[in-house]
Amino acid sequence: MTDKRRLRVALLGAGSVGSQVAALLREHADELAERSGAELELAGIAVRNPDAPRNAELPRELMTTDAETLIVGSDIVIEVMGGLEPARSYVLQAINSGADIVTANKAMLATHGAEIFDAADQVGASVSYEAAVAAAIPIIRPLRDSLAGDRVNRIMGIVNGTTNYILDRMDREGADFGEVLADAQRLGYAEADPTADVEAYDAAQKAAILASLAFHTTVPLEAVHREGITGITKGMMDAARHAGYVIKLLAVCERLADRADGEAVSVRVYPALVPREHPLASVHGVNNAVFVEAAAAGNLMFYGAGAGGLQTASAVLGDVVSAARRHIAGGVGVGESARAHLPVVAIGEIVTRYQVTLEVDDQAGVLATVAGILSDGRVSIATVEQTVTEEGRARLVIGTHQAVEQDLNETVGRLATSGVVERVVSVLRVEGD
Ligand code: NDP
Ligand code: HSE
């Protein structure tokens, strides 16, 4: 057997993901060496507290609080600390000292990606981040490499495991939001601050990354429209089920090719009604799924575990093997392609379908007034269902045809002040039918 080159690997973080990465690197050292063509020496693991209990057995002597010294001389730096700082500074230090980067940190990439990719381009380093979107599911490489010759028109996905886990249990068990969130935290799905999950910051970061790759355009995080799931009630879940839908937190990245003022994109994350028969409706638990509609390839679906330490470690290690192969072969890392420079439109400009639920007085002429206001606002009705509430009011569930978001919002505002509407119960977008 010929002697293999030895690559020094620094691991930053040993939490849910990092502890599993370290364990797999050690357990599968021989196989990983065969696959990558180099022995991967885990040189050290930077953490905040070296004596904290870990999810895997890791030698105490590998633990350090001195990430900067660990990075010096490393060939591959795996960043699974999370957060913006010091992760960004460590990654830039590692790039400038000649290392290739593997990271699962979507917050850092969505916020500082341009700076990090630029720094990597300057020195020919690679930055790999398969784990940053939809954890175990291969979606970054398919978009960056496999579909590089195609034209992606739309991506619609469930990209946050924690919120899918919560919504799914609320839907299937009638479970309480807080209780289910605590379970997601205990299982290692949620971010260090779970607000990132439930307020959809995490999904927005992933949407920015997916859209940037798909549309060859840097999509700044601030341009992503974001709505979380904290306003979703059991009543809304029940109503959705009754109407043949399920509520899912969706990331929608859309190419808008037919605009008078030129091509643009829309990137948005919100809870939406998805028809029960749609494949995304049967994505349960912590799983994620990403639909990609491409001009030549047609529709593609990527499905699997969207969170979890071990599952995410799989994607991290795939990137480590690729980085090791590149390090051995030499040459520059693959840079990001962001030359299309497409503008991102505001949420008011999107066109989709809506379900508007209103409580109104159960009197003659009310339905006609509501229909008139919708018609005046250029919102066309597709379906109406009327039921009687316990208080004896009428509940109208109105499904619209496609409408412009701004028209819909203005119309709902006029309905709310029309005198015939007691309460706007909910306004939800409908996606996937
Ligand atoms: P954890 O919070 O479980 O772990 C973070 C680790 O980083 C801990 O070991 C912590 O040390 C260490 N750390 C944090 N800050 C510092 C610092 N300033 N200096 C040194 N070490 C530090 O996070 P996860 O493992 O869940 O997530 C890691 C990354 O992976 C994040 O970017 C996350 O978004 C991403 N990700 C997570 C997934 C998941 O399912 N958990 C899935 C996909 C991506 P200590 O233990 O001593 O506190
Ligand atoms: N907190 C994230 C989620 C982890 O629940 O999807 C995976 O990125």
Kirkwood Rh in Å, taken over the chain so that all alpha-carbon pairs contribute: 23.2
Computed over segment 63-134: relative contact order in percent, which uses C-alpha pairs under 8 Å that are six or more apart: 31
Residues of segment 341-359 with amide N under 11 Å of the 7 Å Cα→Cβ point at ASN409: 346-350
Placed amide H near ILE381: partners under 5 Å, 5+ positions off or other chain: HIS401
Pair ASN153, ALA260: separation of 7 Å Cα→Cβ label points (nm): 2.3
Gained length - VAL332 relative to THR369, 0.36 nm times residue gap less alpha-carbon distance: 6.8 nm
Most to least packed among 313-321, 91-99 [average Cβ atoms within 10 Å]: 313-321, 91-99
For the chain, built as a Gaussian network whose Cα springs stay under 10 Å, the top-fluctuating residue of ALA207, ALA136, ALA33: ALA33
Paramagnetic reach from GLU27 in segment 47-82 [backbone N under 17 Å; point 7 Å along Cα→Cβ]: 54-59
Percent of C-alpha pairs per 10 Å bin, segment 140-307, short to long: 11, 39, 34, 14, 2
Extension gain from THR65 to ARG325, taking 0.36 nm per residue of separation minus the Cα-Cα distance: 90.7 nm
With at most 11 other Cβ atoms within 10 Å, longest stretch of the chain clear of loop GluC sites (Glu not before Pro) (DSSP): 58-276
Gaussian network model of the chain, springs between alpha carbon atoms under 10 Å - residue of ALA214, ALA135, ALA87 with greatest fluctuation: ALA87
Residues of type aspartates and glutamates that LYS4 reaches as a straight line, Cα spacing below 17 Å, ignoring anything fewer than 8 places off in the same chain: ASP30, GLU31, GLU34, GLU39, GLU41, ASP75
The chain, relative contact order [Cα under 8 Å, separation at least 6], %: 17
Net length gained if the chain between GLN185 and ALA52 were fully extended (0.36 nm per residue, minus Cα distance): 46.1 nm
The chain - charge dipole about Cα centre, Lys and Arg +1 at Cβ, Asp and Glu -1, debye rounded to 20: 600
DSSP beta bridge pairing in the chain, given as percent antiparallel to the nearest 5: 70
Residues HIS112, HIS341 arranged by fewest to most Cβ contacts within 10 Å: HIS341, HIS112
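Taken together, the values in this text are just the output of simple stated rules run on the coordinates, not laboratory data. None of these values were measured; they are calculated from a predicted model. Here the Cβ is made from the backbone with ideal geometry for all residues, glycine too, and neighbour counts use every protein chain on show.
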